[in-house]
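The values are calculated or read from the model by the stated rules, or taken from the named source; none is laboratory data. What you see is a predicted model; the values in this text were computed from it and never measured. So basically every Cβ, Gly included, is an ideal-geometry build from the backbone, and we count neighbours across all protein chains shown.
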């Protein structure tokens, strides 16, 4: 069976490393590769696949586009308005969002304290999924800091759809304050200026969704505070994808070790 991660850019993705390690550990003769698919190209790519294909991991800029090619959409993908997973080979293509439960698991692995409020930096599809995860963890107020309220509209609407009816507030990424126990950064490392990083100082937990480059300015500022890293999120969401694709329990520790080793090698040891 064949699987792949799709996005643009995608050559940097660690997903092939994690999934291949999982398949090897499970004794599966499966392949997993990275395929560059630009925005607007997902439907054509999926339409050209044959019966050997079983699963697709989907990253930026395709996460909202995924819903348009699926016959069945899970409740959590519909809630987020985005998906990162396509399961092939059934009567219909299934779209799911493993970022949401993956983010919940990643935070709880590093922090077991209360979450009553939280802040998300950025307003893309990953911001929507992590914002919803924060609500799952207990946040009743979520502040979304974005470059403009218009850019945040889809993300705000997604978080507001959660059955817990959280209060969602849009703020200015350039100037507004961070609130709550957890702050999640979904923005590029190049956008993490010293002023923004300093405004995150009151948070008890930092969650950086990037794993490369590492550490980002945001991640470096954690100090002794719990830090949830992009590899934590990647491993947990990939393990859920592994189970959806294969029907087997994921070898989480093996997949994490493979990802850690790959990052060490990329950093030159």
Residues of segment 126-154 being touching a residue at least 40 places away in the same chain (Cβ under 8 Å) and closer than 22 Å to residue 230 by Cα, in sequence order, are 126, 127, 128, 129, 130, 131, 132, 134, 137, 139
Exactly one of 179, 170 is at pLDDT 95 or above and either under 19 Å from residue 111 (Cα atoms) or out of contact with any helix residue (DSSP H, G or I) (no Cβ under 8 Å at 6 or more places or on another chain) (or both), and that residue is 179
Restricted to segment 2-28 and to residues being touching a residue at least 60 places away in the same chain (Cβ under 8 Å) and within 16 Å of residue 86 (Cα to Cα), the residue surrounded by the most Cβ atoms within 10 Å (Cβ to Cβ) is 19
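Conditions tested, residue by residue: (1) modelled with pLDDT under 95; (2) outside any loop (DSSP other than H, G, I, E, B); (3) surrounded by 18 or more Cβ atoms within 10 Å (Cβ to Cβ).
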residue	(1), (2), (3)
149	yes, no, no
155	no, yes, yes
158	no, yes, yes
163	no, no, no
184	no, yes, yes
Within segment 90-123, the residues that are more than 24 Å from residue 252 (Cβ to Cβ), surrounded by fewer than 21 Cβ atoms within 10 Å (Cβ to Cβ) and touching a helix residue (DSSP H, G or I) at 6+ places or on another chain (Cβ under 8 Å) are 93
| request: Considering every residue within segment 29-48, establish whether at least one is part of a loop (DSSP other than H, G, I, E, B), touching a residue at least 40 places away in the same chain (Cβ under 8 Å), under 27 Å from residue 251 (Cβ atoms) and in contact with a strand residue (DSSP E or B) (Cβ under 7 Å, 6 or more places away or on another chain). | output: yes
Picked from segment 192-216 (must be assigned to a helix (DSSP H, G or I) and crowded, with 17+ Cβ neighbours inside 10 Å), the residue farthest from the chain's Cα centre (by Cα) is 199
Being surrounded by fewer than 14 Cβ atoms within 10 Å (Cβ to Cβ), free of Cβ contacts under 8 Å to residues at least 40 places away in the same chain and either over 21 Å from residue 57 (Cβ atoms) or in contact with a strand residue (DSSP E or B) (Cβ under 7 Å, 6 or more places away or on another chain) (or both) narrows 167, 220 down to just 167
